[in-house]
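Notes follow the structure.
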Amino acid sequence: MDVRLSEKRRWEIIDRFASRSVLVVGDLMADEYLYGSARRISQEGPVMVIEVDSDEFKPGGAANVANNLRALGAAVAVAGVIGDDAIGRTLVDSLDSSMMDVSSVVVDVSRPTTRKTRVVAQSQQVLRVDREKTSPISPGVAEALLGQVSRILPNVDGVLVSDYRKGVVTPQSAAALIDLARSAGKPLITNPKPQSAVWLRGARVLSLNQIEAEGLGGGPLPDDEQALRAFGERLAALTDADALMVTRGSRGLCLWQRSGAFHAIPAHLVEVADIAGAGDTTIGTMALALLSGASDVEAAELANLAGACVVRKHGVATISPDELRSAI
């Protein structure tokens, strides 16, 4: 079913973003970029020498989801884990300077802050270096983090769990997050990896991209609509979500609801510059629209539009309410 909201209704929902508040829980990451030129081969080995001209730091992972929500106007609190290191402090300072509540970020001295360093030469990424520890956080750190979540839940409208399989979301912490949100009467929206999707059973919305959905479903998404409906219904039953959203890139997104309704929302035709981080924009907009009174289908349609806006930009990016209104 093709969904097209009226311009007036879209504006009504977007106008409410600034009065909403969201707690983002998940894997906080730091994205570093080194930009330069490759002009020679090293004498030490058959590798390029990159002469770095500039560098850039950006919040990544769950921190980028938080960044997207803040850019859309929401009040944002962040709960996650960093290491006792300079890059972790830089990440927290970056979120704090964007007027986010970082009081629920827990420092774990046993692990580094997840850090991805990308080397870009002549506009082409030539290398990525990851510094991380992906084992589950310790029971003590998990208890401290959940205590912070419990403390801040009464002050927010909803919770968004952003899992990148870096150790914060475990079967135990996922179950506790679901229980805490349910007890507080707060909707929980999540963007998990296939391995953790079943741990977050009972979420208000569970969102996957096509590759993740195929990983969870054990096969490719069918092209036939009837088979596609059945595929999604099976995943929805697995995850017990009120709504399951699967983003499909140039093919738009699909939405399965607990009622049995199915919606295929077509993509907006845009010139794609970079898909990096588009999923964070999509789930952030979906969550914020739901918390602003949108129905599942209305929220998915706005999320689809937001995703189309952000892929026009190079690198991991965010969009503003004005950009979303302009796209309308």
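Could you tell me whether ILE14 is touching an Asp or Glu at 6+ places or on another chain (Cβ under 8 Å), in contact (Cβ under 8 Å) with a residue 12 or more places away in the chain and closer than 23 Å to VAL159 by Cα? No: the conditions fail for ILE14. Among the residues making up the range 235-259, a single one is farther than 22 Å from LEU188 by Cβ and either exposed (fewer than 14 other Cβ atoms within 10 Å of the Cβ) or of a type in the set (Val, Ile, Thr) (or both): SER250. Restricting attention to the range 100-125 and to residues that are modelled with pLDDT under 95 and assigned to a loop (DSSP other than H, G, I, E, B), the residue that is farthest from SER196 (Cα to Cα) turns out to be GLN122. The residue that is nearest to ASN68 (Cα to Cα), among those in the range 286-297 that are in contact (Cβ under 8 Å) with a residue 60 or more places away in the chain and surrounded by fewer than 20 Cβ atoms within 10 Å (Cβ to Cβ), is GLY293.
If I filter the range 142-157 for residues that are touching an Asp or Glu at 6+ places or on another chain (Cβ under 9 Å) and of a type in the set (Ser, Thr, Tyr), do I get at least one hit? No, every residue in the range 142-157 fails to be touching an Asp or Glu at 6+ places or on another chain (Cβ under 9 Å) and of a type in the set (Ser, Thr, Tyr).
Take the residues of the range 99-113 that are under 20 Å from the mean Cα position of the chain (by Cα) and over 19 Å from LEU180 (Cβ atoms): which is surrounded by the fewest Cβ atoms within 10 Å (Cβ to Cβ)?
Let us first name the residues in the range 99-113 that are under 20 Å from the mean Cα position of the chain (by Cα), namely 99-102, 104-106, 113.
Next, only the ones that are over 19 Å from LEU180 (Cβ atoms) stay: 99-100, 102, 113.
On the way: MET99: 9, MET100: 23, VAL102: 22, THR113: 25.
Among residues in the range 99-113 that are under 20 Å from the mean Cα position of the chain (by Cα) and over 19 Å from LEU180 (Cβ atoms), the one surrounded by the fewest Cβ atoms within 10 Å (Cβ to Cβ) is MET99.
Residues being touching a Phe, Trp or Tyr at 6+ places or on another chain (Cβ under 9 Å) and either modelled with pLDDT under 90 or more than 30 Å from GLU32 (Cβ to Cβ) (or both) are represented in the range 261-272 by at least one member. Against the list (1) of a type in the set (Gly, Ala, Ser); (2) touching a strand residue (DSSP E or B) at 6+ places or on another chain (Cβ under 8 Å); (3) at pLDDT 85 or above, the condition ALA306 fails is (2). Taking the range 139-181 as the search range and keeping residues that are surrounded by fewer than 16 Cβ atoms within 10 Å (Cβ to Cβ) and charged (D, E, K, R), which one is nearest to LEU28 (Cα to Cα)? Result: ARG165. Screening ILE211 with (1) farther than 25 Å from GLU301 by Cα; (2) part of a helix (DSSP H, G or I); (3) among the β-branched types (Val, Ile, Thr) gives one miss only, at (1). Close contacts from the range 246-262, counting a first residue that is under 16 Å from GLN226 (Cβ atoms) and a second that is basic (Lys, Arg) and surrounded by fewer than 20 Cβ atoms within 10 Å (Cβ to Cβ), with Cβ to Cβ under 7 Å and a gap of 6+ residues or different chains, come to CYS254/ARG248; PHE262/ARG229.
Consider ASN209 against the criteria (1) within 18 Å of the chain's Cα centre (by Cα); (2) surrounded by fewer than 23 Cβ atoms within 10 Å (Cβ to Cβ); (3) over 23 Å from ILE265 (Cβ atoms); (4) not β-branched (Val, Ile, Thr): it satisfies all of them except one. Which criterion is unmet? Unmet for ASN209, out of (1) within 18 Å of the chain's Cα centre (by Cα); (2) surrounded by fewer than 23 Cβ atoms within 10 Å (Cβ to Cβ); (3) over 23 Å from ILE265 (Cβ atoms); (4) not β-branched (Val, Ile, Thr): (3). Note on the range 56-88: residues that are in contact (Cβ under 8 Å) with a residue 40 or more places away in the chain and in contact with a helix residue (DSSP H, G or I) (Cβ under 8 Å, 6 or more places away or on another chain) amount to 17.
The values are calculated or read from the model by the stated rules, or taken from the named source; none is laboratory data. Since the model is a prediction, treat every value here as computed from it, not as a measurement. As a convention, Cβ positions derive from the backbone with ideal geometry for all residues, glycine included, and neighbour counts pool all protein chains shown.
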